[in-house]
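These notes are about the structure you will find just below.
The values are calculated or read from the model by the stated rules, or taken from the named source; none is laboratory data. No experiment lies behind these values; they were computed from the predicted model shown. Using ideal geometry, Cβ is built from the backbone for each residue, glycine included, and neighbour counts are taken over all protein chains shown.
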Amino acid sequence: MSKRFLLLNGLAIINVVLNHSIGWTYVAMFWWVHRYTNLSSPDFSQLYSGAYFFLRVLEQWVIPSIPAFLMVSGYFASFSAGKKKLLGWNFVITRVKYLAIPYFLWSTLMIIFNVFQNTNYTATRLVRIYLTGQAAEAYYFVPLLISLYLLSPVLIRLANWNWKIFLGITALIQVLTKLVDYPVITGMNLPLAPFFSFINSGWLFVGHIFWFSFGMVIGIQQSDIKETFRKVRWHLLIISLIFFVAGIIEWEWLLLQSGKTWIGPHETLVDNIYSFTILSAFLGFWSAHFPFSKKMEELGPKSFGVFLAHSLFLIIAARGIYHFIPQLLAFPLIFLMILVIIGLSTPLILMKITRSSYLKPIYTYLFG
């Protein structure tokens with residue numbers, strides 16, 4: 001089972017890089033229009049174009065990436081509990097150490113890069129950035145995962161006590177969290193809107209606790225869960241396709257309801273259902289052969305290093321094109337392809353060089 005989850009990790013990291021490359025492509029389409037046309041930025045004339053809907057389909061496709069990472073992390077935490085089915089603080093401290101040190105180093109690199117881009121930081125802001133993962137768009141995931149590892153000794157006990165009740169409660173918590181985010185997305189001026197926004201913060205475990213818990217339960221109930229999902233795998237796949245389409249429609253509806261030209265990404269309840277059904281279908285098709293599965297399994301253990309490093313290289317690539325080859329910005333799909341290639345290949349090359357050099361002893365502290 002471990003190899004299959006490494007494959008899932010490999011697929012997920014490709015999708016994470018794709019997702020953040022899509023974000024930069026939107027920037028090129030709407031906020032950098034002045035670099036390749038006579039129009040002033042921002043300009044949303046490309047909204048609802050063919051390129052826009054293609055990006056939206058891709059953006060919807062990659063939504064299960066973070067849930068997949070959390071599910072895999074929960075599974076390996078459960079696996080580490082062993083026959084005693086308990087997690088001690090030695091496990092937690094080790095996992096936190098190998099997450100926090102590379103995260104701190106790469107966050108610092110991002111901050112230094114931003115300083116050279118004339119960004120000013122106060123001490124209070126720096127503390128908030130490190131604690132909540134604001135140095136880069138993707139970094140919220142690390143404080144989130146650390147908090148779940150800190151909770152893991154308690155979570156594993158609850159999962160072993162009664163895994164069905166445990167999953168039901170964590171699912172309910174996550175559903176309620178996503179429901180209260182809808183007023184925030186649409187811009188409703190409610191008294192509790194700031195609180196709703198806070199509990200849906202990416203770095204806060206409340207809105208993501210089910211995925212980690214789900215992975216733990218899979219580790220505890222492997223045979224039963226695999227067999228259950230195997231029986232309904234085609235149903236799950238069909239349902240996932242329905243919610244995949246529903247998620248695209250829902251987001252356009254939410255954009256209209258907000259009354260704004262553009263709103264930032266949010267993970268909705270519909271997105272959560274899509275993620276759950278597609279990940280469950282993946283478990284149901286456990287023995288199926290996936291193209292390039294060997295390559296994905298090899299990429300899986302490197303996913304955290306790619307996760308940390310890709311944001312910096314995407315920024316450098318996107319801004320480099322902005323300044324030196326702005327004509328490329330007029331071709332969103334080519335721009336996207338270039339970013340994905342750079343975002344994936346550059347961290348992997350850097351990791352390979354590090355492993356083959358005198359820096360090998362500190363590789364784990366650089367890339368996890």
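Figure legend. Inter-residue proximity from segment 240-261: first residues farther than 25 Å from residue 190 by Cβ, second residues in a helix (DSSP H, G or I) and among the aromatic types (Phe, Trp, Tyr), beta-carbon distance below 7 Å, spacing 6+ or different chains. Indicated pairs: 240/274; 243/274; 244/274. The set of residues in segment 71-127 that are more than 30 Å from residue 216 (Cβ to Cβ) and within 20 Å of the chain's Cα centre (by Cα) contains only 110. State yes or no: is residue 45 hydroxyl-bearing (Ser, Thr, Tyr) and part of a helix (DSSP H, G or I)? Taking the combined requirement at face value, the residue does not satisfy it.
Across segment 277-294, the qualifying residues are those that are within 10 Å of residue 226 (Cβ to Cβ) and of a type in the set (Gly, Ala, Ser), and the one among them that is modelled with the lowest pLDDT is 287. Within segment 160-174, residues that are assigned by TED's automatic domain parsing to the domain that holds residue 84 and closer than 18 Å to residue 78 by Cα reach partners that are of a type in the set (D, E, K, R) and not in a helix (DSSP H, G or I) with beta carbons closer than 8 Å, at six or more positions or on different chains, in the pairs 160/85.
Could you tell me whether segment 293-310 includes any residue that is assigned to a helix (DSSP H, G or I), more than 25 Å from the chain's Cα centre (by Cα), exposed (fewer than 14 other Cβ atoms within 10 Å of the Cβ) and basic (Lys, Arg)? Within segment 293-310, none of the residues are assigned to a helix (DSSP H, G or I), more than 25 Å from the chain's Cα centre (by Cα), exposed (fewer than 14 other Cβ atoms within 10 Å of the Cβ) and basic (Lys, Arg).
Scanning segment 262-284 turns up at least one residue that is of a type in the set (Gly, Ala, Ser), part of a helix (DSSP H, G or I) and within 30 Å of residue 197 (Cα to Cα). Summed over segment 86-120, the residues that are in a loop (DSSP other than H, G, I, E, B) and exposed (fewer than 15 other Cβ atoms within 10 Å of the Cβ) give a count of 6.
Set side by side, the residues 283, 299, 279 differ, and just one is touching a Pro at 6+ places or on another chain (Cβ under 8 Å) and either closer than 19 Å to residue 12 by Cβ or assigned by TED's automatic domain parsing to the domain that holds residue 57 (or both), which is 279. Restricted to segment 130-248, the set of helices (runs of 4 or more DSSP H) holding at least 1 residues that are within 20 Å of residue 96 (Cβ to Cβ) and in contact with a Lys or Arg (Cβ under 8 Å, 6 or more places away or on another chain) comprises 141-161.
This table checks each residue for (1) more than 13 Å from the chain's Cα centre (by Cα); (2) buried (at least 17 other Cβ atoms within 10 Å of the Cβ).
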residue: 7; (1), (2): yes, yes
residue: 16; (1), (2): no, yes
residue: 30; (1), (2): yes, yes
residue: 33; (1), (2): yes, yes
residue: 39; (1), (2): yes, no
residue: 44; (1), (2): yes, no
residue: 51; (1), (2): yes, no
residue: 65; (1), (2): no, yes
